[in-house]
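See structure below.
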């Protein structure tokens, strides 16, 4: 019986860690909902796992949507949680899209960067429905999340 308990222990620790991670995310979003007088559209929440700060531990980027109780429309946010002492800790957030802005579809973490896939507006798109695929990149810095400036594209050759 002792052998069985030892074999199950890593799984139990992982479940406990996952529950603690979820509790930290819930705590943060609840706080943000309260201060912004909004409700979360929880079905729209998604996350990405990866190392954002180079310490070799998996951090978390969470996309979530808040709908204001006082205004029309939705706002899409990106929040970053860093792993410290085996627990997730909130680090920063920023608005990345919403009604009348970019439609944010997915986030991934690659090379210490959160990569956010969006749809932006083309000329002629209806206000509800952006159609131009775009990618935005964000990095953690000492003062929160910052957009990564894309390298300048070379000028086309002169003919």
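The values are calculated or read from the model by the stated rules, or taken from the named source; none is laboratory data. Keep in mind that this is a model prediction, so the values were computed, not measured. Using ideal geometry, Cβ is built from the backbone for each residue, glycine included, and neighbour counts are taken over all protein chains shown.
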Open item on the list: Which count do you get for residues in the range 60-100 that are within 19 Å of residue 129 (Cα to Cα) and out of contact with any strand residue (DSSP E or B) (no Cβ under 8 Å at 6 or more places or on another chain)?
Closed with: 2
Task: Wholly within the range 24-70, strands (runs of 3 or more DSSP E) carrying at least 3 residues that are surrounded by fewer than 19 Cβ atoms within 10 Å (Cβ to Cβ) and at negative phi - done: 46-50
- [ ] Select the strands (runs of 3 or more DSSP E) contained entirely in the range 104-159, then report the ones holding at least 2 residues which are surrounded by fewer than 13 Cβ atoms within 10 Å (Cβ to Cβ) and modelled with pLDDT of 90 or more.
- [x] 132-141
